[in-house]
Amino acid sequence: MNTARHWLASRSGLLTLLTLATLLGMLGVAWRLYTPPPPPPPLLIAGGRLIQPLVAELAQRFSQQTGEEVQVEAGGSMAGMAAVKRGAIDIAMVGQPVPGLFSDPQTRQHLLARNSLAFIVHHQSPVRNLSQAQIRQALTGQVRNWKTLGGPDAPIEVLTWRKPALIALFVEWMVLGGQNVTHQARQVDDASDMLASVAGNPLALGHVSLQDLPSRAAVRPLSVDGAPFSRATILSGHYPYIQDMYLVGYGACKPQETAFMRFIRTPEAQAIIARHNLAPVYPHATESEPHHGQ
């Protein structure tokens, strides 16, 4: 009897071992045959050169936090919009007016930040405020003497940016309504040249973007129509020369786009935007709700 029980126990143990061996073999075959799913394609962002450095830094930080791959390339706002509409990229960076941006119901416009244009004078200039009309007159050469604008009896020395600088195009479109800056204006190549030229010339009238104006510059930004140049007036819309910067999606929305748009509203992302000397537009928001085309 004991011998029979011992034989049965041994047989049962052998069957258990054989079963385990078979299962392990099957698992090994299944593991060799298993192909992990490919990683999701990267989120492709392209467009406006002005905001490309900012978006690249935001994308890098987003990737560090989530593991999602994001590729950011410049190329121009118009080219970015064309690419996102044909599905070549996922998000377009738009930093200038683009026809049809708000009229196409398939677009998703995520306001990223605001830039603005400051008209600057020497820090000792008595001129503190100009109207939009006075600025147009000075830039186009219709008014040539500071005395007409409340300054000294001396010529206005207009400084402008050499084309095709984006800020030069912005001035012609936003400030001058398509007119040209006077041909007597002195052209500069970059923000440091503009700031240094105005700081060293009491008769100069120049302009720089919010992005390029240091917090302690040796120049004075003018009020326009009584609205001082400040982040508060830019965000409220009281200051007239505002440049909204958008990230634009089109058609079907990828989960990565939703996650990235949520990230740009976080306090960390808003701090990055402020470091780029732009006006953060969501200082207290934590989620992204895009503005859809009307």
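The values are calculated or read from the model by the stated rules, or taken from the named source; none is laboratory data. A quick note: this is a predicted structure, and the numbers were derived from the prediction, not measured. For neighbour counting, all protein chains shown are included, and Cβ atoms are generated from backbone atoms with ideal geometry for every residue, glycine included.
Checked against the criterion of being over 12 Å from the mean Cα position of the chain (by Cα), crowded, with 20+ Cβ neighbours inside 10 Å and assigned to a loop (DSSP other than H, G, I, E, B), the candidates SER116, SER125, SER103 yield just one match: SER125. Filtered by the rule that a residue be surrounded by fewer than 18 Cβ atoms within 10 Å (Cβ to Cβ) and either part of a strand (DSSP E or B) or at pLDDT 95 or above (or both), segment 45-64 gives ALA56, GLU57, GLN60, ARG61, SER63, GLN64. Within segment 83-98, is there a residue that is closer than 14 Å to TYR246 by Cα, touching a residue at least 60 places away in the same chain (Cβ under 8 Å), out of contact with any helix residue (DSSP H, G or I) (no Cβ under 7 Å at 6 or more places or on another chain) and in a helix (DSSP H, G or I)? Looking through segment 83-98, at least one residue is closer than 14 Å to TYR246 by Cα, touching a residue at least 60 places away in the same chain (Cβ under 8 Å), out of contact with any helix residue (DSSP H, G or I) (no Cβ under 7 Å at 6 or more places or on another chain) and in a helix (DSSP H, G or I). Of the helices (runs of 4 or more DSSP H) entirely within segment 143-252, those holding at least 3 residues that are under 19 Å from ARG128 (Cα atoms) occupy 191-199, 231-236.
Is it the case, given these coordinates, that GLY150 is farther than 23 Å from GLY237 by Cβ, touching a residue at least 12 places away in the same chain (Cβ under 8 Å) and not hydrophobic (A, V, I, L, M, F, W, C)? For GLY150, the condition - farther than 23 Å from GLY237 by Cβ, touching a residue at least 12 places away in the same chain (Cβ under 8 Å) and not hydrophobic (A, V, I, L, M, F, W, C) - is met.
Out of VAL143, VAL158, VAL181, one residue alone is over 18 Å from ALA118 (Cα atoms), of a type in the set (Val, Ile, Thr) and over 25 Å from the mean Cα position of the chain (by Cα). It is VAL143.
Going by the structure shown, is ALA269 farther than 18 Å from PHE119 by Cα, of a type in the set (Gly, Ala, Ser) and touching a helix residue (DSSP H, G or I) at 6+ places or on another chain (Cβ under 6 Å)? Spelling it out, ALA269 is indeed farther than 18 Å from PHE119 by Cα, of a type in the set (Gly, Ala, Ser) and touching a helix residue (DSSP H, G or I) at 6+ places or on another chain (Cβ under 6 Å).
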